[in-house]
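All remarks here apply to the structure that follows.
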Amino acid sequence: MSGPEPRTFRALFISDVHLGSKAAKADFLIDFLRYHDADIIYLVGDIVDGWRLRRSWHWPQSHNDVVQKLLRKARKGASITYIAGNHDEFARQFQGVHFGGIVVADRAIHETADGRRLLVIHGDQFDTVVHNQRWLAYLGDYAYDTAMLINRVVTKLRHLLGLPYWSFSSWAKVKVKKAVNFIGSFQTVLSEEARRSHVNGVICGHIHHAAIENYGEVQYINTGDWVESCTAVVEHFDGRMEILTWAHVLPEASAGNEALVPVDIIDLKGRAAQAA
């Protein structure tokens, strides 16, 4: 199986990889980074999952390989900014510090090729559960672990039946009313923050739901995640923003270490992306 043609973009935005958790699709991300490059790269929070690492250590070679892949891109000249999230909040104490060419920040302003200014922030700062009821956030984290366990069981069953990847947790996110309401509220709050910051839009992560939406004159962009939907946001050289969805190919299916290939590249042009 031959891989796709490598692609280069002006900017690349990735969030919610959750390295250190068993749910992280590190192999998928490594493959994505093999075929996608950019002059500017933003890691938009929760790249490392400190919450889970505190509970039990899990750091296979593939997670190390993701870090090495990013450091290699920095050495080759890519400007990389690491925006800290709530799961890797330990990084916030290192704001302004460079690690192997990667600079740490709490937020950043990205200027697009067509002159727009976009606030880049993880988004947990505007999640009242994370900040006001931390015990509930940890409880929700355990519930999410359960959902991802169900995800793995469903994935294995579908693989045995010869069916393609399907995410139970992503399906629940768009079917459960409270989850839908939370996503809508989160998007509204982040868009308001963009207005207060006098910028043209916001790029965030945190809720694992990729989307490009317009709220009046403000554009809301969410990068999605690399535990369920395997999505990233790119900026083309003309300033156009796009969500890319990488292949949902089970590791067992890639016999002979053949390259994973993209099955879906979505140009949303201001519309919401539905996580697969």
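The label point for S185 and the one for H198, both projected 7 Å from the Cα toward the Cβ, are 3.1 nm apart. The length gained by stretching the chain between N64 and D37 to full extension, at 0.36 nm per residue less their Cα-Cα distance, is 7.8 nm. A cut-off of 5 Å between modelled amide H atoms, ignoring neighbours fewer than 5 places along the same chain, links I80 with I41, V103. Counting 0.36 nm for each residue step from R117 to K22 and taking away their Cα separation leaves a gain of 30.6 nm.
For the range 28-118, relative contact order (Cα pairs under 8 Å, six or more residues apart, normalised by length) works out to 30 percent.
Of all chymotrypsin sites (Phe, Trp or Tyr not before Pro) in the range 1-85, which ones are in loop regions per DSSP and have a Cβ with at most 12 other Cβ atoms within 10 Å?
Working: sites: F9, F13, F28, F32, Y35, Y42, W51, W57, Y82; in loops: W57.
Loop-located and lightly packed - W57.
Exposure proxy for S56, S229, S185: other Cβ atoms within 10 Å of each Cβ, ordered fewest to most, give S56, S185, S229.
Going by how many other Cβ atoms sit within 10 Å of their own, how do K156, K25, K76 line up, fewest first? Before the final figure, lay out the partial values.
Working: K156 12, K25 21, K76 9.
By the 10 Å Cβ count, ascending, the order reads K76, K156, K25.
Values quoted throughout were computed directly from the atomic coordinates according to the rules given, and no laboratory measurement underlies them. None of the values given here were measured: they were computed from a predicted structure. Cβ coordinates were reconstructed from backbone atoms using ideal geometry, including for glycine residues, and neighbour counts include every protein chain displayed.
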